[in-house]
Amino acid sequence: HKLILDYIHEYNIDWTTAEKCQGLKSAEECAQQFESKNEFFQRKLAPQFIKIAGINNPRMFVSPADCRLSAFDKVDVATEYWIKGKGFSIDTLLGGKNYPTVPDATKLKVTLPYGKLSDSYQNGSLLICRLAPDDYHRFHLPMDCVYMGHYKIPGEFYSVDPRIVNSSIDVYSSNKREVHLLHNDHFGTVLCVVISATCTGSIEINPQLQEYQHYSKGFDFGTFGFGGSTLVLVFPPHTLAICRTFTQNSLHGNETYIKVGNRIGTAMKSLH
């Protein structure tokens, strides 16, 4: 409990938003509600503190987490201005997987071509959502979607600090990660790559998430264990119109801090 209290003070955590701490009068009382520092780190927020933009607008894409956002209209722009790791590509990020290795989409009547999974995402938009130790470490579905399953890729636990990402180390393609497929009629199949990092080995996906089921924007997607980590979202080309503030900041090497549920962009057109 002392470790939790020290953590609250060191990172200036707003403990009053925690679901377990509603109605309590002090950080000390809040710390007593948790069995471990990691449990506090993975705390749920009370529902009133999670605001999801465009809840009735399936064309709006929102932030999946409290994070520092880097947003790029095309992958090659991201590699020019942000990701400097040698050997990084969409194919290496996705583990070089082919379409037959991902879940069967025939139940959705979605056509997935054979060949490299990455072939359908070259020059698509790329969002990098970096979580720091002081952030809320649950992440949520960023759009209304059908969950199409996932696959895991073993790897390292390099730091996701921008200084490392902008070095020669190919962090995103080297670290342990999971690739989740989220299908929406306006965006197509968006890939959400959940990346582990230093001190963040555990990725816990909500066990209620079932393949081929439809979920609403804001649904509790999963949780990171202690530390900081990253979500990388990859879109098919010409599907996401990103708010200009985010892309302009990113072109100048600056991340933008946003909260879970904040609007990132909208669909360019329907894929019906």
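Looking across region 219-245, the residues that are closer than 29 Å to residue 41 by Cα and open to solvent by 20 Å² or more (accessible area, probe 1.4 Å) come down to 219, 220, 226. Just so you know, in region 18-42 the residues that are touching a residue at least 40 places away in the same chain (Cβ under 8 Å) and open to solvent by less than 60 Å² (accessible area, probe 1.4 Å) include one that is farthest from residue 66 (Cα to Cα), and it is 38. Within region 185-205, does at least one residue satisfy the condition of being of a type in the set (A, V, I, L, M, F, W, C), on the phi > 0 side of the Ramachandran plot and at pLDDT below 95? Checking region 185-205: at least one residue is of a type in the set (A, V, I, L, M, F, W, C), on the phi > 0 side of the Ramachandran plot and at pLDDT below 95. Scanning region 11-30 for residues that are part of a helix (DSSP H, G or I) and closer than 17 Å to residue 137 by Cα gives 15, 16, 17, 19, 20, 21.
All of 204, 211 fail the test of being assigned to a loop (DSSP other than H, G, I, E, B) and touching a strand residue (DSSP E or B) at 6+ places or on another chain (Cβ under 8 Å), apart from 211.
Just one of the numbered conditions (1) modelled with pLDDT of 95 or more; (2) within 18 Å of the chain's Cα centre (by Cα); (3) farther than 12 Å from residue 218 by Cβ is not true of residue 31: (2).
The values are calculated or read from the model by the stated rules, or taken from the named source; none is laboratory data. What you see is a predicted model; the values in this text were computed from it and never measured. Cβ: placed from backbone, ideal geometry, glycine included. Neighbour counts: every protein chain shown. Note: accessible area is taken over every heavy atom of the protein model, side chains too, but ligands, DNA and RNA are not part of it. Shrake-Rupley method; radii C 1.70, N 1.55, O 1.52, S 1.80 Å.
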